[in-house]
Amino acid sequence: MASVVTALMAAHVLVVEPAIADGTTLEDMRARIAEARDRIEAQTRLYHDPVGAKTWIDGSRLWYCETSADGERRWWLVDAGAHGVAAKAPLFDHEAAARSLAAATGRPAPSDRLPVRGVSVEKGVVVVGMEGLERPLAFDLAGGAPTAADAEAARLLELRLSDRRRRSKGQGASSGITFVNTLDEEVELVWIDARGEEHAYGRVAARGERRQQTFGGHAWMVRTARGEVIGFAVAADVEKSLRIERAARDPEAIDRIDGQKETQADRAAGGRDGAEGARLEVASDGPNLVIRADGREVFRTTDGVEGDGYTGGTWISPARDAVVAMKVRRGARHPVHLVEAAPGDRLEPKLRT
């Protein structure tokens, strides 16, 4: 009597008969397993830097860094497009960046091992700071070559003082701010930590300048020796300069959801009616979620039950038109009992679970 017994144990296939009823041969099975193993190993060799607010360009585009276990790195742009079909392309020209670095340092630089210290995407331009370069490089977005708009790129490397007090948020790449004091009096630099507490970091002489090491996302305040606050600024992930001057400054548009600077998509969504332009709030109702817009309930889930509910976190899209929620099903307990025959702390065997 013909029979087939197939067992998959520890990634090995044991086949009693050389063929399976549906026509799949032993070689086919081995090829499928090898293909699956290659896919799994390829994924485990890569990890992606966490995608946070700073990596969103607008409501449909974001960028991220992909790093392999052996240190290779690539930066990618993902664009959902008008029809929601995602397209992936290099964020900037890695080979051109390698050539620029080699020309500046005299040493060859592999394009997949660039010593990038920070990346910033602003106004359609990608600014890349690298060790060995005095100034960051600027590229056209989506894999473009170094941008020819030198004046615009130079403006992107300048910070402006704001009237709004900030607090440090997270810790981005190691970078720096060159404070250029245009005043006829010395000023004091103050770092504001995540709790809002102030820490003095020295002074900049009148008509002088000073570089201060910092990290992307760290907040700074500039004030005179007499205590007059001149303004606030937040460091970027790349080196930038900041002119200290008294001037009329337009207040920055602030996102009503997270309190941070508005994105282009936020401003576009702000003029629309309905929940998209409103303040979205997500609350838990047991294992289910309730979504409100300006205090008015607009959506409620009903499929959450105890042990299989929306407990994995929620996120509101930058365009303020969608909420992403993680539904988590709690796994069943499967205890495994082991008997330790010769434990080190007693003579009789010990049961471990």
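Can you tell me which condition His83 does not meet? The list is (1) open to solvent by less than 30 Å² (accessible area, probe 1.4 Å); (2) modelled with pLDDT under 85; (3) not aliphatic (A, V, I, L, M), and all the others hold. With (1) open to solvent by less than 30 Å² (accessible area, probe 1.4 Å); (2) modelled with pLDDT under 85; (3) not aliphatic (A, V, I, L, M) applied to His83, the lone miss is (1). Taking the listed residues Ala154, Ala142, the one that is over 22 Å from the mean Cα position of the chain (by Cα), at pLDDT below 85 and aliphatic (A, V, I, L, M) is Ala154, with no other qualifying.
In this structure, does Arg99 turn out to be among the basic types (Lys, Arg) and touching a residue at least 12 places away in the same chain (Cβ under 8 Å)? No, not satisfied.
Residue by residue through region 154-167, note down the ones that are within 18 Å of Glu239 (Cβ to Cβ) and not acidic (Asp, Glu). Once the filter is applied, which keeps residues that are within 18 Å of Glu239 (Cβ to Cβ) and not acidic (Asp, Glu), region 154-167 yields Ala154, Arg155, Leu156, Leu157, Leu159, Arg160, Leu161.
Do the conditions hold for Asp294, that is, is it within 30 Å of Ala235 (Cβ to Cβ) and at pLDDT below 90?
no
Of all the residues in region 224-245, those that are surrounded by fewer than 17 Cβ atoms within 10 Å (Cβ to Cβ) and either at negative phi or of a type in the set (Ser, Thr, Tyr) (or both) number 8.
Matching residues to (1) under 22 Å from Pro146 (Cα atoms); (2) surrounded by 13 or more Cβ atoms within 10 Å (Cβ to Cβ); (3) at pLDDT below 75:
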position: Val16; (1), (2), (3): no, no, yes
position: Ile33; (1), (2), (3): no, yes, no
position: Gln43; (1), (2), (3): no, no, yes
position: Leu77; (1), (2), (3): yes, yes, no
position: Pro90; (1), (2), (3): yes, yes, no
position: Ala97; (1), (2), (3): yes, yes, no
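Within region 335-343, none of the residues are free of Cβ contacts under 8 Å to residues at least 24 places away in the same chain, within 26 Å of Ala80 (Cα to Cα) and among the small types (Gly, Ala, Ser). Filtered by the rule that a residue be of a type in the set (Gly, Ala, Ser), more than 22 Å from the chain's Cα centre (by Cα) and modelled with pLDDT under 90, region 305-337 gives Gly307, Gly331, Ala332. In summary, Ala69 fulfils each of the numbered conditions (1) surrounded by 15 or more Cβ atoms within 10 Å (Cβ to Cβ); (2) touching a helix residue (DSSP H, G or I) at 6+ places or on another chain (Cβ under 8 Å); (3) among the hydrophobic types (A, V, I, L, M, F, W, C) with the single exception of condition (1).
The values are calculated or read from the model by the stated rules, or taken from the named source; none is laboratory data. This is a predicted model, so every value here is computed, not measured. As a convention, Cβ positions derive from the backbone with ideal geometry for all residues, glycine included, and neighbour counts pool all protein chains shown. Side chains are part of the model used for accessible areas, which takes the heavy atoms of the whole protein and leaves out ligands, DNA and RNA. Shrake-Rupley method; radii C 1.70, N 1.55, O 1.52, S 1.80 Å.
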